[in-house]
1. Here are the criteria: (1) touching a helix residue (DSSP H, G or I) at 6+ places or on another chain (Cβ under 9 Å); (2) over 16 Å from residue 13 (Cβ atoms); (3) loosely packed, with under 14 Cβ neighbours inside 10 Å; (4) not aliphatic (A, V, I, L, M). Tell me which single one residue 135 does not satisfy.
2. Taking helices (runs of 4 or more DSSP H) that do not extend beyond region 1-119, which have at least 2 residues that are surrounded by 14 or more Cβ atoms within 10 Å (Cβ to Cβ)?
3. Could you look through region 138-159, keep only residues that are within 22 Å of residue 64 (Cα to Cα) and aliphatic (A, V, I, L, M), and pick out the one that is most open to solvent (accessible area, probe 1.4 Å)?
4. Being touching a helix residue (DSSP H, G or I) at 6+ places or on another chain (Cβ under 9 Å) and either more than 15 Å from residue 15 (Cβ to Cβ) or at pLDDT 95 or above (or both) narrows it down to one residue among 117, 68, 34, 53; which is it?
5. Do you know which residues across region 52-67 are over 12 Å from residue 88 (Cβ atoms) and without any contact (Cβ under 8 Å) to a residue 40 or more places away in the chain?
Amino acid sequence: MRALVTGAGMLGLTAVAMLAEKGAHVTAVDPVPARREMALRFGAAEVSAGEKAFADVDVALELSGVPAAVRAALDSLTVGGTLVLAGSVSPGPAVALDPERVVRGLLTVTGVHNYRAADLRCAVEFLAACHSRYPFPELVEGGYPLERLDEAFDAAHTGAAPRQAVLPRA
């Protein structure tokens with residue numbers, strides 16, 4: 001299976017790892033060089049800044065919310081391919097959809113927002129089984145004890161440290 005993941009943030013990197021564990025040939029796309037490098041460490045077979053077109057992709061996960069990435073992901077699909085939109089969670093420019101290509105290409109386009117209990121269970125099982133194979137700890141900056149939870153939220157909202165971990169008591 002060929003998979004495309006656009007957006008190599010925390011969710012995108014997790015998707016890359018999960019797809020790689022299933023044996024997919026994963027291409028991760030992100031304009032940030034450090035994120036592309038991290039995608040390789042999470043199992044991507046190849047990475048791109050998005051400067052080239054992709055083709056014959058069985059599944060594309062669009063996690064960036066960037067309209068051009070949505071378009072590129074849709075255009076990358078092979079016959080019978082599936083596009084999962086999860087990054088487009090705020091209003092933005094519309095992306096044109098050619099209904100004839102969707103019909104003749106037997107394409108599936110679906111959106112995902114939040115998760116179901118079964119999705120959370122699957123994610124936790126994956127992390128429990130594979131946490132040592134991927135550099136998940138490097139995705140979290142800083143650590144705050146539970147007593148400093150408000151401070152952790154403040155740091156996340158100001159951008160001083162966008163990803164925080166709340167640590168259990170020692």
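1. (2)
2. On the way: elements: 10-21, 33-41, 67-76, 99-104.
Answer list for region 1-119: 10-21, 33-41, 67-76.
3. Let us first name the residues in region 138-159 that are within 22 Å of residue 64 (Cα to Cα), namely 138-141, 156-159.
Narrowing further to those that are aliphatic (A, V, I, L, M): 139-140, 156.
Working: 139: 16, 140: 54, 156: 39 Å².
Only one residue fits best here, namely 140.
4. Working: 117 fails: touching a helix residue (DSSP H, G or I) at 6+ places or on another chain (Cβ under 9 Å); 68 fails: touching a helix residue (DSSP H, G or I) at 6+ places or on another chain (Cβ under 9 Å); 34 fails: touching a helix residue (DSSP H, G or I) at 6+ places or on another chain (Cβ under 9 Å).
Sole residue among the options that is touching a helix residue (DSSP H, G or I) at 6+ places or on another chain (Cβ under 9 Å) and either more than 15 Å from residue 15 (Cβ to Cβ) or at pLDDT 95 or above (or both): 53.
5. 52, 53, 55 - these are the residues of region 52-67 that are over 12 Å from residue 88 (Cβ atoms) and without any contact (Cβ under 8 Å) to a residue 40 or more places away in the chain.
The values are calculated or read from the model by the stated rules, or taken from the named source; none is laboratory data. Since the structure is predicted, the reported quantities are computational estimates derived from the model, not experimental observations. Note that each Cβ is placed from the backbone with ideal geometry, even for glycine, and that neighbours are counted across all protein chains shown. Accessible surface areas use protein heavy atoms only, side chains included; no ligands, DNA or RNA. Shrake-Rupley method; radii C 1.70, N 1.55, O 1.52, S 1.80 Å.
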